[in-house]
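Heads up, the thing below is written out as C-alpha coordinates.
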Amino acid sequence: MTEIAQRPAVVAADGVKVHFGAVKALDGVDLAILPGECVGLVGHNGAGKSTIVNVINGGLGAHEGTVSYSGQTGQGIGFARAHGVRCVFQELSLSPNLTVVENTRIMHSELTGWNWRAKALGIIRAKLDEIFPGHHIDAKSTVGALSIAERQMVEIAITFADVTEAPKLVILDEPTSSLDAGLAKQLMDYVRNFVASGGSVLLISHILGEILSTSDRI
(Lines give C-alpha, C1' and ligand atoms only; values in the text may rest on other atoms or scores of the structure.)
Protein backbone atom coordinates (compact mmCIF):
# COMPACT_ATOMS: atom_id res chain seq x y z
CA MET A 1 0.00 0.00 0.00
CA THR A 2 1.14 3.57 -0.64
CA GLU A 3 1.76 6.01 2.18
CA ILE A 4 -1.37 7.98 1.20
CA ALA A 5 -3.55 4.86 1.21
CA GLN A 6 -2.36 4.00 4.72
CA ARG A 7 -3.40 7.37 6.14
CA PRO A 8 -6.98 7.89 7.38
CA ALA A 9 -9.36 9.78 5.14
CA VAL A 10 -9.54 13.51 5.75
CA VAL A 11 -13.32 13.10 5.50
CA ALA A 12 -15.32 9.90 5.17
CA ALA A 13 -19.09 9.79 4.70
CA ASP A 14 -20.55 6.34 5.36
CA GLY A 15 -24.11 5.47 4.34
CA VAL A 16 -25.28 9.07 4.52
CA LYS A 17 -28.97 9.66 3.94
CA VAL A 18 -30.69 13.05 3.85
CA HIS A 19 -34.31 13.67 2.98
CA PHE A 20 -36.45 16.77 2.72
CA GLY A 21 -39.97 15.53 3.26
CA ALA A 22 -40.60 12.89 0.62
CA VAL A 23 -37.57 13.97 -1.43
CA LYS A 24 -34.46 11.82 -0.98
CA ALA A 25 -31.53 14.14 -1.53
CA LEU A 26 -28.99 11.50 -0.52
CA ASP A 27 -29.79 7.80 -0.30
CA GLY A 28 -26.87 5.99 1.33
CA VAL A 29 -23.85 7.90 0.02
CA ASP A 30 -20.32 6.65 0.73
CA LEU A 31 -17.54 9.12 0.00
CA ALA A 32 -13.98 9.16 1.33
CA ILE A 33 -11.45 11.87 0.49
CA LEU A 34 -7.83 10.94 1.20
CA PRO A 35 -4.90 13.25 1.96
CA GLY A 36 -3.18 14.46 -1.18
CA GLU A 37 -5.97 13.98 -3.70
CA CYS A 38 -8.41 16.10 -5.64
CA VAL A 39 -11.83 14.50 -6.04
CA GLY A 40 -14.03 15.85 -8.82
CA LEU A 41 -17.75 15.91 -8.00
CA VAL A 42 -20.04 16.16 -11.02
CA GLY A 43 -23.72 15.67 -11.70
CA HIS A 44 -26.81 17.43 -12.99
CA ASN A 45 -28.65 20.06 -10.96
CA GLY A 46 -30.52 18.28 -8.19
CA ALA A 47 -28.14 15.31 -8.10
CA GLY A 48 -27.26 16.00 -4.46
CA LYS A 49 -23.86 17.69 -4.83
CA SER A 50 -24.68 20.62 -2.55
CA THR A 51 -26.30 18.33 -0.01
CA ILE A 52 -23.27 16.09 0.44
CA VAL A 53 -21.07 19.20 0.61
CA ASN A 54 -23.24 20.65 3.38
CA VAL A 55 -23.08 17.36 5.27
CA ILE A 56 -19.29 17.24 4.96
CA ASN A 57 -18.80 20.86 6.04
CA GLY A 58 -21.09 20.37 9.03
CA GLY A 59 -23.83 22.72 7.92
CA LEU A 60 -26.36 19.90 7.55
CA GLY A 61 -26.73 16.84 9.74
CA ALA A 62 -27.18 13.42 8.15
CA HIS A 63 -30.51 11.75 8.92
CA GLU A 64 -28.77 8.39 8.71
CA GLY A 65 -25.13 7.38 8.42
CA THR A 66 -21.96 8.92 9.82
CA VAL A 67 -19.29 11.41 8.86
CA SER A 68 -15.77 11.15 10.27
CA TYR A 69 -12.81 13.50 10.05
CA SER A 70 -9.37 11.90 10.22
CA GLY A 71 -11.02 8.97 11.97
CA GLN A 72 -13.05 11.03 14.46
CA THR A 73 -16.83 10.97 14.13
CA GLY A 74 -18.75 14.17 14.70
CA GLN A 75 -20.90 16.83 13.13
CA GLY A 76 -21.40 20.56 13.05
CA ILE A 77 -19.56 23.40 11.33
CA GLY A 78 -17.22 23.95 14.27
CA PHE A 79 -16.24 20.28 14.39
CA ALA A 80 -15.58 20.15 10.64
CA ARG A 81 -13.57 23.38 10.67
CA ALA A 82 -11.54 22.19 13.67
CA HIS A 83 -10.55 19.23 11.51
CA GLY A 84 -9.38 21.43 8.64
CA VAL A 85 -12.47 21.52 6.38
CA ARG A 86 -13.10 24.80 4.55
CA CYS A 87 -15.47 25.80 1.75
CA VAL A 88 -15.75 28.27 -1.08
CA PHE A 89 -19.37 28.43 -2.13
CA GLN A 90 -20.68 29.58 -5.48
CA GLU A 91 -22.77 32.16 -3.60
CA LEU A 92 -20.02 34.34 -2.14
CA SER A 93 -20.24 35.06 1.58
CA LEU A 94 -17.98 38.09 2.03
CA SER A 95 -19.31 41.19 3.81
CA PRO A 96 -19.31 43.95 1.16
CA ASN A 97 -19.16 46.81 3.70
CA LEU A 98 -15.92 45.50 5.24
CA THR A 99 -12.40 45.54 3.86
CA VAL A 100 -10.60 42.48 2.53
CA VAL A 101 -8.48 42.50 5.70
CA GLU A 102 -11.57 42.64 7.94
CA ASN A 103 -13.19 39.78 6.02
CA THR A 104 -10.02 37.78 6.56
CA ARG A 105 -10.38 38.34 10.31
CA ILE A 106 -14.01 37.14 10.24
CA MET A 107 -13.01 33.89 8.52
CA HIS A 108 -9.98 33.39 10.78
CA SER A 109 -10.87 34.16 14.39
CA GLU A 110 -7.33 33.18 15.39
CA LEU A 111 -6.20 36.62 14.16
CA THR A 112 -6.19 38.40 17.50
CA GLY A 113 -4.10 40.93 19.36
CA TRP A 114 -3.40 44.60 18.92
CA ASN A 115 -1.70 44.12 15.53
CA TRP A 116 -4.15 41.64 13.97
CA ARG A 117 -4.77 43.97 11.02
CA ALA A 118 -1.11 43.93 10.04
CA LYS A 119 -1.00 40.14 10.39
CA ALA A 120 -4.17 39.71 8.31
CA LEU A 121 -2.88 42.12 5.67
CA GLY A 122 0.36 40.20 5.29
CA ILE A 123 -1.39 36.83 5.14
CA ILE A 124 -4.04 37.75 2.57
CA ARG A 125 -1.59 39.67 0.36
CA ALA A 126 0.77 36.71 0.31
CA LYS A 127 -1.96 34.22 -0.49
CA LEU A 128 -3.45 36.36 -3.27
CA ASP A 129 0.04 36.71 -4.78
CA GLU A 130 0.56 32.94 -4.52
CA ILE A 131 -2.72 31.90 -6.14
CA PHE A 132 -3.32 34.81 -8.53
CA PRO A 133 0.04 36.44 -9.39
CA GLY A 134 -0.43 39.88 -10.90
CA HIS A 135 -3.93 40.30 -9.42
CA HIS A 136 -3.67 44.04 -8.49
CA ILE A 137 -6.22 43.70 -5.65
CA ASP A 138 -5.84 46.23 -2.83
CA ALA A 139 -6.40 44.25 0.39
CA LYS A 140 -7.21 47.48 2.25
CA SER A 141 -10.19 48.27 0.01
CA THR A 142 -13.78 47.41 0.87
CA VAL A 143 -15.11 44.25 -0.76
CA GLY A 144 -18.04 46.22 -2.19
CA ALA A 145 -15.60 48.20 -4.34
CA LEU A 146 -14.26 45.03 -5.98
CA SER A 147 -15.54 43.34 -9.13
CA ILE A 148 -17.34 39.99 -8.82
CA ALA A 149 -14.24 38.21 -10.12
CA GLU A 150 -12.04 39.97 -7.55
CA ARG A 151 -14.46 39.04 -4.76
CA GLN A 152 -14.28 35.41 -5.81
CA MET A 153 -10.49 35.59 -5.85
CA VAL A 154 -10.45 37.11 -2.35
CA GLU A 155 -12.77 34.46 -0.93
CA ILE A 156 -10.64 31.70 -2.44
CA ALA A 157 -7.47 33.26 -1.01
CA ILE A 158 -9.02 33.69 2.45
CA THR A 159 -10.15 30.07 2.44
CA PHE A 160 -6.72 28.71 1.51
CA ALA A 161 -4.92 31.07 3.92
CA ASP A 162 -2.71 29.50 6.56
CA VAL A 163 -3.08 31.41 9.84
CA THR A 164 -2.32 28.83 12.54
CA GLU A 165 -2.41 25.75 10.30
CA ALA A 166 -3.11 24.99 6.67
CA PRO A 167 -6.53 23.61 5.66
CA LYS A 168 -6.71 19.85 5.20
CA LEU A 169 -9.68 19.81 2.81
CA VAL A 170 -10.95 22.70 0.71
CA ILE A 171 -14.32 22.30 -0.98
CA LEU A 172 -14.54 24.40 -4.14
CA ASP A 173 -18.08 24.83 -5.47
CA GLU A 174 -17.92 26.24 -9.02
CA PRO A 175 -14.86 28.30 -8.04
CA THR A 176 -14.23 29.71 -11.52
CA SER A 177 -17.79 30.80 -12.30
CA SER A 178 -16.76 34.49 -12.30
CA LEU A 179 -13.16 34.09 -13.44
CA ASP A 180 -11.76 34.45 -16.94
CA ALA A 181 -9.70 31.68 -18.52
CA GLY A 182 -6.37 33.05 -17.32
CA LEU A 183 -7.48 33.35 -13.67
CA ALA A 184 -9.13 29.94 -13.81
CA LYS A 185 -5.86 28.41 -15.02
CA GLN A 186 -3.97 30.09 -12.17
CA LEU A 187 -6.42 28.63 -9.66
CA MET A 188 -6.26 25.11 -11.11
CA ASP A 189 -2.45 25.29 -11.11
CA TYR A 190 -2.55 26.26 -7.44
CA VAL A 191 -5.00 23.46 -6.62
CA ARG A 192 -2.66 20.91 -8.19
CA ASN A 193 0.26 22.29 -6.15
CA PHE A 194 -1.82 22.26 -2.96
CA VAL A 195 -2.75 18.63 -3.54
CA ALA A 196 0.83 17.70 -4.40
CA SER A 197 1.90 19.12 -1.03
CA GLY A 198 -0.57 16.83 0.79
CA GLY A 199 -3.75 18.90 0.88
CA SER A 200 -7.11 17.62 -0.33
CA VAL A 201 -9.70 19.28 -2.57
CA LEU A 202 -13.29 18.44 -3.45
CA LEU A 203 -13.87 20.19 -6.78
CA ILE A 204 -17.40 20.81 -8.05
CA SER A 205 -17.60 22.17 -11.58
CA HIS A 206 -19.70 21.97 -14.72
CA ILE A 207 -16.55 22.75 -16.72
CA LEU A 208 -15.37 19.24 -17.46
CA GLY A 209 -11.98 20.43 -18.66
CA GLU A 210 -11.21 21.65 -15.14
CA ILE A 211 -12.39 18.37 -13.63
CA LEU A 212 -10.41 16.19 -16.04
CA SER A 213 -7.20 18.22 -15.80
CA THR A 214 -7.19 18.65 -12.03
CA SER A 215 -8.98 15.69 -10.37
CA ASP A 216 -7.32 12.44 -9.38
CA ARG A 217 -10.71 10.71 -9.54
CA ILE A 218 -14.28 11.69 -10.28
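Some observations on this one:
- In the chain, Cα pairs under 8 Å separated by at least six residues give a relative contact order of 26 percent.
- Taken along the Cα-to-beta-carbon direction at a fixed 7 Å, the label points for Thr66 and Ile106 span 3.6 nm.
- When the C-alpha to C-alpha distance is required to be over 32 Å, the pairs from Lys49/Lys127; Lys49/Lys119; Lys17/Lys185; Lys17/Lys168 that qualify are Lys49/Lys119; Lys17/Lys185.
- Gyration tensor (alpha-carbon) shape descriptor, the stretch 1-70, a/c threshold 1.5: prolate
- Counting only protein heavy atoms and a probe of 1.4 Å, the accessible surface of the stretch 4-60 is 54% carbon and sulfur.
- Cβ charges +1 (Lys, Arg) and -1 (Asp, Glu), total dipole of the stretch 84-218, debye: 280
- Candidate residues Cys38, Cys87: accessible-area rank, largest first, probe 1.4 Å: Cys87, Cys38
- Sites Asn115 and Val42 - FRET efficiency at Förster radius 35 Å, r taken between beta-carbons, to 0.05: 0.20
- Diffusion constant of the stretch 1-118 at 37 °C, which comes from Stokes-Einstein with the Kirkwood Cα-pair radius and 0.692 mPa s, µm²/s: 202
- Using heavy atoms of the protein chains and a probe of 1.4 Å, the accessible area assigned to Leu146 is about 20 Å².
- Within a Gaussian network of the chain (alpha carbon springs, distance under 10 Å), most fluctuating of Ala13, Ala25, Ala80: Ala25
- Using the rule -39500 (n - 2.57) for each DSSP H run of four or more residues, divided by the residues of the chain, the 222 nm mean residue ellipticity is -10500 deg cm²/dmol.
- P(r) weight above 13 Å for the stretch 32-93, C-alpha pairs, percent: 67
- Rounded accessible area of Leu212 (nearest 10 Å², 1.4 Å probe): 130
- Heavy-atom accessible area for Ile52, with the other protein chains in place and a 1.4 Å probe, reaches approximately 10 Å².
- Lys/Arg +1, Asp/Glu -1 at C-beta; the stretch 1-117 dipole; positive extreme among Ser50, Gly40, Leu26: Ser50
- Distance from the C-alpha centroid of the stretch 143-218 to that of the stretch 61-136: 13 Å, rounded to the whole angstrom.
- Accessible surface, per residue, of the chain when the full set of protein chains is kept, probe 1.4 Å, Å²: 48
- Oblate is the label for the stretch 95-181. Its Cα gyration tensor axes, ordered a ≥ b ≥ c, give a/c of at least 1.5 and b/c at or above a/b.
- Low-density loop cleavage sites - GluC sites (Glu not before Pro) in the stretch 121-218, where at most 11 other Cβ are within 10 Å (DSSP): Glu165
- Of all complete DSSP H helices in the chain, those with a Cα span along the helix axis of 15 Å or greater and a mean Kyte-Doolittle hydropathy of 0.5 or more are 148-160.
- Of all accessible heavy-atom area on the stretch 85-169, the percent that carbon and sulfur account for (1.4 Å): 53
- The overall shape of the chain, judged from the alpha-carbon gyration tensor, is prolate: a/c is not under 1.5, and a/b is greater than b/c.
The values are calculated or read from the model by the stated rules, or taken from the named source; none is laboratory data. Please read all numbers here as calculations on a predicted model, not as lab measurements. Quick reminder, even Gly has a Cβ in these numbers, built from the backbone with ideal geometry, and neighbours come from all protein chains shown. We work out accessible area using only protein heavy atoms, side chains counted, and drop any ligands, DNA or RNA first. Shrake-Rupley method; radii C 1.70, N 1.55, O 1.52, S 1.80 Å.
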